[in-house]
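Just below is one structure, and these are the notes that go with it.
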Ligand SMILES: [Mg+2]
């Protein structure tokens, strides 16, 4: 199980998707949620919350975003030793399925195809979290 007190960073350029993700997360008991509109903002928030008890413990990010895409963001995260083992869930759409292969090569933990239902979302979250707990 994922501890519900962890801080989760959500990045998506569409406010409706961010709201959907937040609603799902709150339904699962998570309360500490940071939001970003693009990869650049997400990276800055991650840097601001990289240490201490309040650090980001999980990322949920869209692929297509202005300024910095989800893939570029993922690559930056994985290239940093500090974040190499941080659970990272990619949000993608049905039409972007080819991107999943690229994201897997770049070290994504899990991916969720939009639009998604609560149960599928929860399973992907748990799977992404579990992947990083034994290292
Ligand atoms: Mg987008």
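Evaluate the following for residue 11: is it touching a residue at least 60 places away in the same chain (Cβ under 8 Å), within 16 Å of the ligand (Cβ to nearest atom) and touching a strand residue (DSSP E or B) at 6+ places or on another chain (Cβ under 7 Å)?
yes
For the range 21-124, please list each of the helices (runs of 4 or more DSSP H) lying entirely inside it that holds at least 1 residues being farther than 21 Å from residue 7 by Cα and in contact with a helix residue (DSSP H, G or I) (Cβ under 9 Å, 6 or more places away or on another chain).
The helices (runs of 4 or more DSSP H) meeting that bar are 70-79, 98-105.
Can you tell me which residues in the range 117-135 are free of Cβ contacts under 8 Å to residues at least 40 places away in the same chain and surrounded by 15 or more Cβ atoms within 10 Å (Cβ to Cβ)?
If the condition is that a residue be free of Cβ contacts under 8 Å to residues at least 40 places away in the same chain and surrounded by 15 or more Cβ atoms within 10 Å (Cβ to Cβ), then 124 is the only one that fits.
If you scan the range 14-50, which residues turn out to be within 16 Å of the ligand (Cβ to nearest atom), crowded, with 16+ Cβ neighbours inside 10 Å and over 13 Å from the mean Cα position of the chain (by Cα)?
20, 40, 41
Can you name every residue in the range 62-86 that is within 16 Å of the ligand (Cβ to nearest atom) and over 20 Å from residue 133 (Cα atoms)?
Those that are within 16 Å of the ligand (Cβ to nearest atom) and over 20 Å from residue 133 (Cα atoms): 62, 63, 64, 65, 66, 67, 68, 69, 70, 71, 72, 73.
Read-outs throughout are calculated quantities, based only on the coordinates presented, and are distinct from any laboratory measurement. No experiment lies behind these values; they were computed from the predicted model shown. Counting neighbours? That spans all protein chains shown, and the Cβs are built from the backbone with ideal geometry, glycine included.
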